[in-house]
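Below is one structure, written out as structure tokens; comments come after it.
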Amino acid sequence: MGVHNEEFLLSFIKKNQLLEQNEIAYYQSTFNSKAWYQLLYGIYHTKKEAQLAVNKLPENIRKAKPWIRSISTVQKAIREK
């Protein structure tokens with residue numbers, strides 16, 4: 001998930017108890033010339049494994065429309081910040 005408001009992201013993490021469920025991280029990049037905070041949920045060996053994990057997420061988290069990204073894409077976004 002990605003949002004412009006870091007406090008909203010931290011609230012989402014707390015509300016959904018994500019720290020207790022899986023390895024998570026977030027980072028800041030830029031989107032539409034504004035700070036953009038992206039939440040990462042787990043690391044998977046294949047895109048298929050990641051998709052299976054998305055399908056198993058609780059409904060309220062799936063509503064946030066998670067998307068799958070490669071590690072190289074995440075690294076590129078961080079470098080370009």
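The values are calculated or read from the model by the stated rules, or taken from the named source; none is laboratory data. This one's a predicted model, so the numbers in the text were calculated from it and none came from an experiment. We place every Cβ from the backbone using ideal geometry, glycine too, and count neighbours over all the protein chains shown.
A residue that is of a type in the set (Asp, Glu), at pLDDT 90 or above and within 13 Å of the chain's Cα centre (by Cα) cannot be found anywhere in the range 21-42.
Go through (1) part of a strand (DSSP E or B); (2) touching a Ser or Thr at 6+ places or on another chain (Cβ under 8 Å) and name the single condition Tyr27 misses. Status for Tyr27: all satisfied but (2).
Scanning the range 19-35 for residues that are free of Cβ contacts under 8 Å to residues at least 40 places away in the same chain and closer than 17 Å to Ile68 by Cα gives Asn22, Glu23, Ile24, Ala25, Tyr26. Of all residues in the range 36-66, those that are on the phi > 0 side of the Ramachandran plot and out of contact with any helix residue (DSSP H, G or I) (no Cβ under 8 Å at 6 or more places or on another chain) total 1. Candidates in the range 23-38 are the residues that are under 20 Å from Phe12 (Cα atoms) and among the small types (Gly, Ala, Ser); of these, the one that is surrounded by the fewest Cβ atoms within 10 Å (Cβ to Cβ) is Ala25.
Of the helices (runs of 4 or more DSSP H) entirely within the range 39-81, those holding at least 2 residues that are out of contact with any Gly (no Cβ under 9 Å at 6 or more places or on another chain) and surrounded by 15 or more Cβ atoms within 10 Å (Cβ to Cβ) occupy 71-80.
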